[in-house]
1. Could you count how many residues in segment 223-236 are open to solvent by 50 Å² or more (accessible area, probe 1.4 Å), over 18 Å from S325 (Cβ atoms) and assigned to a helix (DSSP H, G or I)?
2. In this structure, does G211 turn out to be in contact with a Ser or Thr (Cβ under 9 Å, 6 or more places away or on another chain) and farther than 23 Å from S16 by Cβ?
3. How many residues does segment 171-198 hold that are in contact with an Asp or Glu (Cβ under 6 Å, 6 or more places away or on another chain) and outside any helix (DSSP H, G or I)?
4. Is there any pair linking a residue in segment 196-217 that is within 21 Å of F242 (Cβ to Cβ) to one that is part of a helix (DSSP H, G or I) and open to solvent by 50 Å² or more (accessible area, probe 1.4 Å), with Cβ under 6 Å and at least six apart or on different chains, and which?
5. State whether the residues of segment 219-238 include one that is free of Cβ contacts under 8 Å to residues at least 12 places away in the same chain and either closer than 18 Å to I315 by Cα or of a type outside the set (S, T, Y) (or both).
6. Pairs needed: first member in segment 167-195, free of Cβ contacts under 8 Å to residues at least 12 places away in the same chain and open to solvent by 40 Å² or more (accessible area, probe 1.4 Å); second member anywhere, among the hydrophobic types (A, V, I, L, M, F, W, C) and not in a helix (DSSP H, G or I); C-beta distance under 7 Å; at least 6 residues apart or different chains.
7. I need every pair where a residue in segment 82-104 that is within 18 Å of W17 (Cα to Cα) and touching a residue at least 60 places away in the same chain (Cβ under 8 Å) has its Cβ under 6 Å from the Cβ of a residue that is open to solvent by 70 Å² or more (accessible area, probe 1.4 Å) and part of a helix (DSSP H, G or I), sequence separation at least 6 or different chains.
8. Run down E287, E281 and say which single residue is buried (at least 20 other Cβ atoms within 10 Å of the Cβ), among the charged types (D, E, K, R) and under 26 Å from E147 (Cβ atoms).
Amino acid sequence: MTKKEHERIAVLGAGSWGATLAGLLAQKGHDVALWEFSPAAAAALGNSRHLSFLPDLNLPDSVCVTSDLVTALKDRPIIVSATPSHFVRATMAAARKSGAIDSKAVIVSVAKGLEEKSLKRMSEVISEELEIPEKRVTALTGPSHAEEVCRRMPTATVIAGTDKKTVARVRALFEDDFFRVYPHHDLIGAELAGSLKNIFAIICGIADGLGLGDNSRAAILTRGLNEMTRIGVRLGGDPLTFFGLAGMGDLIVTCLSRHSRNRSLGEKIGRGKTAVEALAEMTMVAEGMKTAPSAYELSRRLKLDCPLTREIYEILYNGKNPKASMQDLMTRETQSEWQGLPTGWNKLSQKMRRRR
């Protein structure tokens, strides 16, 4: 990479993923400022270059860690939005009010969630709050645990956006010899897949906590894929997106990995804790907890029958017994496995059967 290709980048949010990405970008030679809301936490990270909950992080000395938004944003045309999804609007509002945002800034959203009341995707929230066209907002998503990226373990992701040039520019920023980034046209599908998979990871964790087996996990993954595909397609997403890295890839890693906070939350609930008790034991954010009511409301508005989405909402917010939910899921009326998916997929399946 030549000096001309280096960018000045602001990363807003110094949690595990934000700090990891700040390190990745700095190691590639970019000039990076990392913003942390808490002055005390910013000072601690600036001095130690480590996070207690992410032991493999070694933040390069070149990264400027600050709790001042103006310092983080000034003269930085690339902004990575890495706060938890429920803080994105407030963070973007504060950034706009600071007056320090570059007039042509490109935003890279890495938070996975839906806004609670509006049910908007993060790119919609960012575009709305910053009053910029959506073509300047992209989403980096896919199966990418910070714990492994810190260790430079091979990882494949996607960068989704509506403008090809912007997507190509952002892809070049992040791609490295261990961090592969595929360009993607489907911003809607990529964001929805990244958000919805978290709730199915909680269900997988509950199944683990109940002592269920691999058959149960496989059923949750595939039926979860069905639900997130139906919701995503109804909202304008490309069906293929849900069968790629942004969909199935992220679903697998979040549902099965020991690093998954959402799966861990579910496991605690499956072992008998209430959602409140399980959350109290968590040191990091489990986005699926916030996404569950939004996903449930979304399925209701779209008039889609999404049993897994409904049951996890009942467990988390109405205190339903997980065993009762599993029983209800297993004894409900059985329909076609492909019920509710786009008709084109059914036609393709029929065509392939005729060929055989």
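The values are calculated or read from the model by the stated rules, or taken from the named source; none is laboratory data. Quantities reported herein were computed from a predicted structural model and do not represent experimental measurements. Neighbour counts are summed over all protein chains in view; Cβ atoms, including those assigned to glycine, are modelled from backbone coordinates with ideal geometry. Each accessible area value is taken on the protein alone, full model and side chains, heavy atoms only, with ligands, DNA and RNA left out. Shrake-Rupley method; radii C 1.70, N 1.55, O 1.52, S 1.80 Å.
1. 1
2. Numbers: in contact with a Ser or Thr (Cβ under 9 Å, 6 or more places away or on another chain): no; farther than 23 Å from S16 by Cβ: yes.
Spelling it out, it is not the case that G211 is in contact with a Ser or Thr (Cβ under 9 Å, 6 or more places away or on another chain) and farther than 23 Å from S16 by Cβ.
3. Matching residues across segment 171-198 total 2.
4. C204/R217
5. Just the residues of segment 219-238 that are free of Cβ contacts under 8 Å to residues at least 12 places away in the same chain, to begin with: 219, 222.
Those left that are additionally either closer than 18 Å to I315 by Cα or of a type outside the set (S, T, Y) (or both): 219.
Looking through segment 219-238, at least one residue is free of Cβ contacts under 8 Å to residues at least 12 places away in the same chain and either closer than 18 Å to I315 by Cα or of a type outside the set (S, T, Y) (or both).
6. So the pair list comes out as E175/V181.
7. H86/K290
8. On the way: E281 fails: buried (at least 20 other Cβ atoms within 10 Å of the Cβ).
It is E287.
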